[in-house]
Each structure stands twice: as C-alpha cells, then as structure tokens.
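Here is the structure we will look at, set down as structure tokens.
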Amino acid sequence: MRAWQLAAGATSQDDLRLVEFEDVVPGAGEVAIRVRACSLNYRDQAIVLGRYMGGPVPTPIVPLSDGAGDVIAVGAGVTRFKVGDRVAGTFFQGWVDGPPNPNTGVALGAAGAPGMLAEVVILPEQGVVPIARSLSYAEAACLPCAGVTAWNALFEGPRPVKPGDRVLVLGTGGVSVLAMQLAKAAGCHVIATSSDNAKLERIKALGADEGVNYKDIENWGGHIAANLGGVDKVVEVGGAGTVQQSLAALRHNAEIALIGVLSPVGGPNPSALMMTGSILRGIFVGSRRMAERLAAAIDANGIKPVIGATFAFEDVKKAYDYATSRDLFSKVVIELA
C-alpha cells in the first residue's frame, strides 16, 4: 500500500515522501477505506510548513483530512457500514453531534491522527460518514473540512441563515465558494470579495449576486454596508486582519462566523457588535451530524462542489504548489487510480 508521508519536524514540501506500507486490515469497530480522491485545505499547507497548531509534527504522519472512497473491509462489531459503501472520513473523529466541546477527538491529517493521503485508510466507524449520493468521489472529497465548515457557518449556531438573508463570503477559496453555493440554495443574496476581477466574475457566474474587489475599495466593509445593503452573515475566513471590515459590513442582529486563518494578524475593535446587536461565533469545522446534514442538502439541491484543479496521486507536490498559487480557485483535488 502506498501513502504520502510527512517527516517528523517537517517545514517544507521537501519533507513529503511517497512510501510503501504493509497492507492494513481493520480491527474491531473499524472500517478499511479504499481512497479514491482527496482534497487540499489551507490547514494542510500549514502542517507541511510546520506552522500548524503545536508547530512541526513530532512524528511522521500521513497528511490530509479530506478524502472519499469505498469500504473494502469491516472489522468485528461494525454495524453502520458494509463493503461497497461510498464514504468519507470526518474531520474530527470523535465529534458525533452537539455543540463544540473539549472531547472532539483527533483531527485527521495532523499529529496523532490518521491521514487520508493513502491508498487505504483505517478509521473507526464513528469517524466515517456516507457521501452524498449525487456526487463523484472527487466532489465528495471536497466536503469533510471545507464543506462542513461552510455548513456550520451558515446553518448551525443561534442565527442560521434564512431565505432573504444577505451573506458575505471572503475570497474564492474552497470554504467561500461552497458557502456561496449553500447560501444561494437557501434563498440568500450573496456578496463575494476578491482582489482579482476575473475570479469575481467566475464566482458570480456560479451564482454570487455581487462582487467587491477589496484592492480597489480599501474600506470594503463600509462600502458593502452603505452601498450594497449590508449583510446578515459573514463567512469570515480571513481572521484578525479582516474582521474589522466584516464588522463594518453588518446589518442589525447579524453574525460573523469566524474561521479566520488566512489573515491572522490584527486586532479588531468589537464595538460594532454592540451597535448592531450582532455576534461573533468561532467555527472549527463541525460534527459528524453536520456532515450528514450537509450531504442531504447537497443531494436535495443538486449542488456540485467546484473543483479548480485535479492532480494525480503521484503529483501531490504539484497539487500543493497550485494550492498556494494565485491561480487557486475553490478546491484542489488529488485522484487515486
């Protein structure tokens, strides 16, 4: 069995190697998944560079949280899956349902956890979910991290979006494009930002109602409030460096769903929350139940995750390069034969 392995103490892509492992079999309560496709997230870049939580990985790992494939074997006592089922891993292996809590278990593709960038992966059955019936493996592989994050931001918590709400998505990465698609399916008006007019036209062609170039309009949050009607929800993937502008874009009784890793430096003044009665809610992916609700919504609404580029299993380093380039749009997928 082949897998990509990241060396202990890794700080660059040079520390990624394609290696051979002995074949693995599931133990009690586990399933074996033949992985058909994986996708990259911003988090995966940080892990390879040694910049994720806790710094460089202390021991070798198989990277990537997101992958989809077929169940090829089940261990004793498994009741949720059978051989042939189409499945994906869940980001947090122990977070089945309920609100965020300190017992979510390991997150795939990081220190102390399995990763999906392998031909076969063994996971506990509680950390596996059926994929949407209407999706290919490549499309389904886009959802475990980015899709569930977008779902959580829009539909979970105290202020889920409703038809007629106005939603702001920042940039055209995987979370933002998926959030735009989900929000449109829910009957919302969506505004997208980017520094690239071509990407703004592309996301509008996919369904976004309006686009704002934040390089051309420095005070883009105030512009959205004053000229575009403001927003009820912000899917805030930037963080401390962009939250002040997101605050300025809010209508009354709105919410900023803070994912916040792309622009982590800054320090917003939260007084705008007081003035509009809005809230700031932290988002860290989500539970297995959220993944199941997302899959049902995908099937019900005919949503197809947007794949910006596809690479072969042997070309993983090229996939990482593309994911950090200016050409990136939405999701990067790695397909296995």
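So for region 1-102, what percent of the C-alpha to C-alpha distances run longer than 24 Å?
34
Hey, what angle do you get for helix 174-185 against the long axis of the chain, alpha-carbon based, 0 to 90 degrees rounded to 10?
70
With the calculation restricted to Cα positions, what are the radius of gyration and Dmax of region 60-153 in angstrom?
Here Rg and the maximum Cα pair distance are 12.9, 37 Å.
Positive end of the charge dipole of region 157-282 (Lys, Arg +1 and Asp, Glu -1 on Cβ, about the Cα centre): tell me which of Ser246, Gly277, Pro264 has its Cα farthest that way.
Result: Gly277, furthest along the dipole toward the positive end.
Evaluate region 157-282: find the radius of gyration of its Cα atoms, find its Kirkwood radius, and give the ratio Rg to Rh.
That ratio is 0.92, to two decimals.
Quick one: Debye curve from the alpha-carbon atoms of the chain only, equal weights, vacuum; give me log10 I(q)/I(0) at q = 0.13 Å⁻¹ to two decimals.
-0.95
Which value at 222 nm does the chain reach when only helices count, each DSSP H run of 4 or more adding -39,500 (n - 2.57), with the total divided by all residues and rounded to the nearest 500 deg cm²/dmol?
-6500 deg cm²/dmol
Would you mind checking which residues have amide H under 5 Å from Ala254's amide H? H placed 1.01 Å from N; only 5 or more apart, or other chain.
So Ala254 has HN proximity to Ser278, Ile279.
Around Arg36, which amide H atoms from residues at least 5 apart in sequence, or from another chain, sit under 5 Å from its own amide H, with H modelled in the peptide plane?
Ala68, Gly69, Asp70
Mind sorting Arg80, Arg202 by how few other Cβ atoms lie within 10 Å of their own Cβ, fewest first?
In increasing order of surrounding Cβ atoms, one gets Arg80, Arg202.
We did not get these values from a lab; they are worked out from the coordinates using the rules stated. Owing to the predicted nature of the structure, the values given are computational and were not obtained by experimental measurement. Positions of Cβ are generated from backbone atoms using ideal geometry, with glycine treated the same way; all protein chains shown enter the neighbour counts.
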